[in-house]
Amino acid sequence: MLTVFLFGVWPVGTSPAADGEQPATQPLTVHPIGCVRKAKGKTEIVLDRRYQPGLLGLDGFSHIYVYWWFDRNDTPEKRATLKVNTTRGVFATHAPFRPNLIAMTRCKIISVKDNVIEIEGIDAFADTPVLDLKN
């Protein structure tokens, strides 16, 4: 379980004010569904077994989007970085410094067996929490 603080969360039925009103920061609990495993030249997404039924039919696709948490990059200073350089803000880049450290990688599927998806590779470290998968 990860407890994260999302910035930019407004109460239901409201939206950000044009005058720059700041949204409330609310805690949100995120539950990883698995993790990245790298061993013996293989890269795999290993899901908690309770999510295995969600993999039904995935073997018919060539690629998958893996949403993961930059867990080794989480500091208050890095979360506060909004400009990557003088010409680009963080939302105009793939910079690892973000208010919320959610990353996404499109991965080629090698195989799907039980609760394990073997992929061609991912730009995440071993044991990185996986938040979600999307085709």
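The values are calculated or read from the model by the stated rules, or taken from the named source; none is laboratory data. What you are looking at is a predicted structure, and each value in this text was computed from that prediction instead of being measured. Here the Cβ is made from the backbone with ideal geometry for all residues, glycine too, and neighbour counts use every protein chain on show.
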- Identify, please: which residue in segment 33-64 is in contact with a Leu (Cβ under 9 Å, 6 or more places away or on another chain) and of a type in the set (A, V, I, L, M, F, W, C) and is, among those, nearest to P129 (Cα to Cα)? C35
- Positions within segment 56-108 being of a type in the set (D, E, K, R) and not in a loop (DSSP other than H, G, I, E, B), in sequence order: D59, D71, R72, E77, K78, R79, K83, R106, K108
- Task: Would you mention how many residues in segment 68-95 are under 30 Å from L47 (Cβ atoms) and either surrounded by 15 or more Cβ atoms within 10 Å (Cβ to Cβ) or not assigned by TED's automatic domain parsing to the domain that holds V130 (or both)?
- Result: 8
- Would you check if there is a residue in segment 38-60 being basic (K, R), on the phi > 0 side of the Ramachandran plot and surrounded by fewer than 16 Cβ atoms within 10 Å (Cβ to Cβ)? yes
- When segment 1-58 is examined, which residues are found to be within 17 Å of the chain's Cα centre (by Cα) and at pLDDT below 65? M1, L2, T3, V4, F5, L6, F7
- Query: Which residues, counting only those in segment 109-120, are at negative phi and in a loop (DSSP other than H, G, I, E, B)?
  - Reply: N115, E120
